[in-house]
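Taking it in order: structure first as structure tokens, then the write-up.
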Amino acid sequence: MKAGIVAVWLLFAAVCAPAAVAAAQPQSQSLTIAAASDLAYCMDDLNAEFRRQHPDADLKTTTGASGNFFAQIKAGAPFDVFLSADIAYPRELIKAGLADEASLLRYATGHLALWTAREGVDLSAGLPALASPTIRRIAIANPDTAPYGRAARAALQSAGMWNAVQDRLVFGENIAQTAQFVQSGNADVGLVSLSLLKAPKMAGIGHHVEVPEALHPPLEQAGVITHLGRDNPLASAYLRFLASPAARAVFDRYGFVTPRP
């Protein structure tokens with residue numbers, strides 16, 4: 001009888017031991033992030049810095065047009081954190097009860113730049129340079145879904161160039177695709193985010209001039225925790241990180257400006 005009891009206990013221990021070991025191991029936590037396309041390169045550096053503090057974090061980042069993410073989150077897309085190039089989208093999610101108002105964080109102000117990858121294209125005059133007949137295709141992001149597209153349209157209107165360039169415009173789904181049009185030669189010039197041009201992999205490609213901020217509404221960028229991410233401790237940790245000096249140093253490298261008070 002005693003031998004039978006011992007055998008049962010040995011079997012129980014063998015079954016439970018792996019589970020106990022697994023429970024003792026640190027479990028990786030997952031965080032899904034929807035990030036504006038102007039953060040396409042910047043996110044690698046931000047996430048690397050975040051992992052220094054949270055080495056077990058499993059960060060799943062998708063970049064795209066802020067307006068598209070807004071629509072997807074409203075439709076139930078499983079993102080924990082939304083980093084938008086326009087603060088209006090997080091605010092609308094908050095109004096709809098789909099994001100946590102207390103988590104809203106203005107993390108940066110973006111910059112618009114006029115860029116070409118072609119030699120011989122003179123951009124020194126800024127937006128009026130687009131009047132040149134040698135510039136046949138001008139890329140901007142879709143103003144309906146991309147904040148940088150709206151800023152580009154506003155800047156062209158303020159400069160008195162909108163009517164003159166409309167028939168030469170090509171539209172990217174987001175600002176990263178807009179930059180690809182220019183880099184590939186499918187557009188002669190483009191109005192893109194300065195942050196993409198500051199990325200190391202873009203160094204030395206073409207030349208650019210910054211578009212004066214006075215020509216368009218400020219590109220106030222903000223992050224928020226969605227209703228699906230409110231119970232994920234990594235979501236709040238990530239938003240706190242974005243307000244830290246370590247994240248600020250990354251934003252500075254990519255040409256983002258600290259938000260105005």
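The values are calculated or read from the model by the stated rules, or taken from the named source; none is laboratory data. This structure is a prediction, so every number in the text was calculated from the model and none was measured. For neighbour counting, all protein chains shown are included, and Cβ atoms are generated from backbone atoms with ideal geometry for every residue, glycine included.
Looking for something surrounded by 16 or more Cβ atoms within 10 Å (Cβ to Cβ) and either among the basic types (Lys, Arg) or touching a residue at least 60 places away in the same chain (Cβ under 8 Å) (or both) - is there at least one such residue anywhere in region 155-166?
Yes - at least one qualifying residue is present in region 155-166.
Which residue out of Ala75, Ala99 is farther than 21 Å from Ala48 by Cα and out of contact with any Leu (no Cβ under 6 Å at 6 or more places or on another chain)? Lay out the reasoning, then the answer.
On the way: Ala99 fails: out of contact with any Leu (no Cβ under 6 Å at 6 or more places or on another chain).
On inspection, the qualifying residue turns out to be Ala75.
Assuming Lys60 fulfils every condition listed in (1) within 13 Å of the chain's Cα centre (by Cα); (2) surrounded by 15 or more Cβ atoms within 10 Å (Cβ to Cβ) apart from one, which condition is it?
Result: Lys60 passes all but (2).
Among all residue pairs at least 6 apart or on different chains, which show Cβ distances below 8 Å where the first residue, located in region 177-204, is touching a residue at least 40 places away in the same chain (Cβ under 8 Å) and not assigned by TED's automatic domain parsing to the domain that holds Ser66 and the second is part of a loop (DSSP other than H, G, I, E, B) and acidic (Asp, Glu)?
If the second residue must be part of a loop (DSSP other than H, G, I, E, B) and acidic (Asp, Glu), the pairs left are Val182/Asp188.
Filter the strands (runs of 3 or more DSSP E) completely within region 87-184 down to those with at least 1 residues that are basic (Lys, Arg) and either closer than 19 Å to Ala214 by Cβ or at pLDDT 95 or above (or both).
Here the list reads 105-110.
Residue check: is Ala235 assigned by TED's automatic domain parsing to the domain that holds Glu101 and either part of a helix (DSSP H, G or I) or modelled with pLDDT under 95 (or both)?
Answer is yes for this residue.
Among the residues of region 65-86 satisfying the criterion of being in contact with an Asp or Glu (Cβ under 9 Å, 6 or more places away or on another chain) and part of a loop (DSSP other than H, G, I, E, B), which is farthest from Ala35 (Cα to Cα)?
Among them, the one singled out is Asp86.
What's the number of the only condition in (1) in the same structural domain as Leu191 (by TED's automatic domain parsing); (2) touching a helix residue (DSSP H, G or I) at 6+ places or on another chain (Cβ under 8 Å) that Ala129 fails to meet?
So the condition that Ala129 fails would be (2).
Residues of region 127-149 being farther than 30 Å from Phe69 by Cα, touching a residue at least 12 places away in the same chain (Cβ under 8 Å), touching an Asp or Glu at 6+ places or on another chain (Cβ under 9 Å) and among the small types (Gly, Ala, Ser), which ones?
Ala129
How do the pairs read when you match residues in region 228-242 that are crowded, with 19+ Cβ neighbours inside 10 Å with residues anywhere that are of a type in the set (Asp, Glu), using Cβ under 6 Å and keeping only pairs 6 or more apart or on different chains?
So the pair list comes out as Gly229/Asp80; Ala235/Asp80.
Out of region 139-180, which residues are touching a strand residue (DSSP E or B) at 6+ places or on another chain (Cβ under 9 Å) and of a type in the set (Gly, Ala, Ser)?
Ala139, Ala141, Ala146, Gly149, Ala151, Ala152, Ala155, Gly172, Ala176, Ala179
Report the residue count in region 105-134 for those that are under 21 Å from Asp167 (Cα atoms), under 29 Å from the mean Cα position of the chain (by Cα) and of a type outside the set (A, V, I, L, M, F, W, C).
So the count comes out to 3.
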